[in-house]
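Trainee: This is the structure I want to talk about, given as structure tokens.
The values are calculated or read from the model by the stated rules, or taken from the named source; none is laboratory data. Everything quoted here is computed from the prediction, not taken from an experiment. A quick note on method: Cβ atoms are made from the backbone with ideal geometry, for glycine too, and the neighbour counts reach across all protein chains shown.
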Amino acid sequence: MKKIFIFVCVMIFSYASFPQQSFIEQSFVINVEVPVRVFKGNTFIDDLTIKDFELFDDGIKQKIEAVYLIKKESVERSDEKKKFRPQTARNFFLFFEVNEYSRRLQEAMKYFMEEVFLPNDNLVIITPMKTYRLKDESKKHKTKQEIFEEMKGLLRPDALAGTAEFRHIVRDIEQLSKEMRSLIQIAEGTQDPGGYDLRDASLKLVEYAGLMSRLQIFRQADELRFLDFANYLKTQDRQNYVFIFYERKLIPQIDSRLLNDFINNFEGDSYVVQSLSGVLDYNKRETYLDVKKVTQAFSDTSTSVHFLHISTPIISIPGLRFEEYAQETFNIIMEIARATGGYAESSANPAVLFKNALYASENYYLIYYSPKNYVGDEKFKRIKVQVKNKDYRVIHRLGYFSN
């Protein structure tokens, strides 16, 4: 949670009269910072003042102490009843969960380096393989083009290496479906056996269950990893911007009609029936992640998390059906973006997604207030910000923990 603690402590000690009270009670004031973005359609509204905003903390209307209009890392305008020193320096975190480093993704990175990234900004890049931090020395001594070329040299091989196992499993499932179709045709007498042996029918389902089990890692979201990252963000004293490039992972599964045909042709093989139950058990597996716990943890960091969903076209292959198998990961990232007041959109063009998210993140208000009757009870307090008498879209974080 982005909170500012102002401590006031006065000690009075009297040598002449020890029985008198030596200390007075310590008191403290807590100020909460809320980044707020206001839009009419897709246009950011930049002419609002402190009088235009209303803010509620757990349903109780609050007195707003100050409002600052921020563009990039500059305070463009201040409206204060009480003076603050907003921290506008920026940390950029770019996550890449992509299948390849495409031309459009390269266009997105080039735009970021040329039009957005400033000398005082920090940059961290996270791929499935490694985490990279841009050194201060590089910012001082290298051109933006040189830094961009280094980024490209890191992202391309990491994207390929990070999805290598996934791509191998997908190819294995595609090959398996062809073999299963051939076995059906052999059993029906419409194809010469060739190198196939009908006694291998049950092994095909065992192989399929094994491949689907290996794909389990791509459908799960790791709660501890999310929470660890949220805790790390709370230690940063800058404005944090997280951009998650997430390319849809379409996992092939054997079409139900093909499975039915396979069972009908080999229903006399008890091993085939047993193997099928293993496949069905896998497809029924569910994973559990505490969405409320994770989203509140990120909201507490006062970080803007932007979800850039790169939609991959669904291809058609006989005997297979494709579906988004990392649905849990997709859902949790979407909820984190909403809870932090971030941008979330889906498109096949990552360059367009990134530009839209950057525009949304670079223009915002910082609102400060001191919660009435504040109690450090460790509970999550919900924030509601609105603009008086205007039908604007107001985006901000969900709330904070009163700890």
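Trainee: Restricting to the stretch 36-70, name every residue that is touching a Pro at 6+ places or on another chain (Cβ under 9 Å) and among the small types (Gly, Ala, Ser).
Mentor: 66
Trainee: Which of the residues that make up the stretch 314-344 are surrounded by fewer than 20 Cβ atoms within 10 Å (Cβ to Cβ) and closer than 23 Å to residue 387 by Cβ?
Mentor: Correct list: 338, 344.
Trainee: Considering the stretch 298-313 alone, what residues qualify as being closer than 17 Å to residue 33 by Cβ and either of a type in the set (Lys, Arg) or under 13 Å from the mean Cα position of the chain (by Cα) (or both)?
Mentor: 298, 299, 303, 304, 305
Results for (1) among the small types (Gly, Ala, Ser); (2) without any contact (Cβ under 8 Å) to a residue 40 or more places away in the chain; (3) in contact with a helix residue (DSSP H, G or I) (Cβ under 9 Å, 6 or more places away or on another chain), shown as yes or no for each residue.
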{"residue": "314", "(1), (2), (3)": "no, no, no"}
{"residue": "318", "(1), (2), (3)": "no, no, yes"}
{"residue": "330", "(1), (2), (3)": "no, no, no"}
{"residue": "353", "(1), (2), (3)": "no, no, yes"}
{"residue": "372", "(1), (2), (3)": "no, no, no"}
{"residue": "378", "(1), (2), (3)": "no, yes, no"}
{"residue": "400", "(1), (2), (3)": "no, no, yes"}
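Trainee: With (1) surrounded by fewer than 16 Cβ atoms within 10 Å (Cβ to Cβ); (2) modelled with pLDDT of 80 or more; (3) more than 22 Å from residue 178 (Cβ to Cβ) as the list, and residue 210 as the residue in question, which single condition is left unmet?
Mentor: Of (1) surrounded by fewer than 16 Cβ atoms within 10 Å (Cβ to Cβ); (2) modelled with pLDDT of 80 or more; (3) more than 22 Å from residue 178 (Cβ to Cβ), only one is false for residue 210: (3).
Trainee: A further question follows. Any idea which residue in the stretch 369-403 is farthest from residue 52 (Cα to Cα), counting only those that are part of a strand (DSSP E or B) and over 26 Å from the mean Cα position of the chain (by Cα)?
Mentor: Looking only at the stretch 369-403, we keep the residues that are part of a strand (DSSP E or B), and these are 369, 380-387, 393-396, 399-401.
Narrowing the set further to residues that are over 26 Å from the mean Cα position of the chain (by Cα) leaves 369, 387.
Details: 369: 15, 387: 6 Å.
Only one residue fits best here, namely 369.
Trainee: I'd like the residue in the stretch 91-145 that is in contact with a strand residue (DSSP E or B) (Cβ under 6 Å, 6 or more places away or on another chain) and among the hydroxyl-bearing types (Ser, Thr, Tyr) and, out of all such residues, is nearest to residue 309 (Cα to Cα).
Mentor: If we take residues in the stretch 91-145 being in contact with a strand residue (DSSP E or B) (Cβ under 6 Å, 6 or more places away or on another chain) and among the hydroxyl-bearing types (Ser, Thr, Tyr), then 127 is nearest to residue 309 (Cα to Cα).
Trainee: Has the stretch 135-142 got at least one residue that is loosely packed, with under 15 Cβ neighbours inside 10 Å and either among the basic types (Lys, Arg) or farther than 26 Å from residue 74 by Cα (or both)?
Mentor: Checked the stretch 135-142: at least one residue is loosely packed, with under 15 Cβ neighbours inside 10 Å and either among the basic types (Lys, Arg) or farther than 26 Å from residue 74 by Cα (or both).
Trainee: Have a look at 97, 73, 107 and point out the one that is surrounded by 14 or more Cβ atoms within 10 Å (Cβ to Cβ), among the acidic types (Asp, Glu) and closer than 23 Å to residue 329 by Cβ. Walk me through how you get there before you give the answer.
Mentor: Numbers: 73 fails: closer than 23 Å to residue 329 by Cβ; 107 fails: closer than 23 Å to residue 329 by Cβ.
Within the list 97, 73, 107, the selection yields 97.
Trainee: Please tell me if residue 400 is within 22 Å of residue 35 (Cα to Cα), at pLDDT 90 or above and in contact with a Pro (Cβ under 6 Å, 6 or more places away or on another chain).
Mentor: In short, no.
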